[in-house]
1. Just to check your reading of the model, which residue among Gly93, Gly101 is in contact with a His (Cβ under 9 Å, 6 or more places away or on another chain) and more than 21 Å from Tyr117 (Cα to Cα)?
2. Residues in the range 35-52: is at least one surrounded by 12 or more Cβ atoms within 10 Å (Cβ to Cβ), assigned to a helix (DSSP H, G or I) and touching a Gly at 6+ places or on another chain (Cβ under 9 Å)?
3. Please state which of the following conditions Glu62 fails to meet, knowing it meets all the rest: (1) touching a Lys or Arg at 6+ places or on another chain (Cβ under 7 Å); (2) surrounded by fewer than 15 Cβ atoms within 10 Å (Cβ to Cβ).
4. Got a number for residues in the range 69-119 being part of a helix (DSSP H, G or I), open to solvent by less than 70 Å² (accessible area, probe 1.4 Å) and farther than 30 Å from Arg59 by Cα?
5. Within the range 120-142, restricting attention to residues that are open to solvent by 90 Å² or more (accessible area, probe 1.4 Å) and either assigned to a helix (DSSP H, G or I) or among the aromatic types (Phe, Trp, Tyr) (or both), which residue is modelled with the lowest pLDDT?
Amino acid sequence: MVDKDDELVEEREEEELEQAAHEQRELEEIRDRRELLDATAETTEAIRLAEANDAASTRHRELADAERRQARSDHAHGNHLLDEAAARPDEPGADATAAAGRRYQRAGDREDREAAYDDRVADRYAGEQAPASDAARRPAQPPEARKFVQPRKTKKREKDTGLDLDL
């Protein structure tokens, strides 16, 4: 009788151990899937941010190019008006023509400063992060374990041996 009880207890313990091992494997699989999903989400976010930075950098480069073209046009127009005023200084309105030429020159200088500013902004956007293609090439890596995070504690179940010890 005692042998059968001992065998039953051992069988139950083995079943409980197998069940616990199975639950542990399931928990590890779930944790691995979550880590992979987190890593994939981080990679996706890195790609999105890199693409946004690329777009902003491109937009500021285009603004700088347009401002430089406008500055060249303003400088050329200002030089033309100043040359015209210098060629005929005695004509009526020569002073107004020279003043308009100087305004165009100042406008060209302002456009040059704005183009330089947009170039600096574009450089900042380009330097903040690697291009989107580089972010896509990096493999998804699981996040690092955080410090001071306690592992979950599992509740311990009392083993039911099926024996009444109250005699």
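1. After applying the criteria, what remains is Gly101.
2. Taking every residue of the range 35-52 in turn, none turns out to be surrounded by 12 or more Cβ atoms within 10 Å (Cβ to Cβ), assigned to a helix (DSSP H, G or I) and touching a Gly at 6+ places or on another chain (Cβ under 9 Å).
3. The failed condition is (1).
4. So the count comes out to 10.
5. Per the criteria, the residue is Arg137.
The values are calculated or read from the model by the stated rules, or taken from the named source; none is laboratory data. All values reported here derive from a predicted model rather than from experimental measurement. No Cβ is skipped: glycine too gets one built from the backbone with ideal geometry, and neighbour counts run over all protein chains shown. With ligands, DNA and RNA removed, areas are computed over all heavy atoms of the protein, side chains included. Shrake-Rupley method; radii C 1.70, N 1.55, O 1.52, S 1.80 Å.
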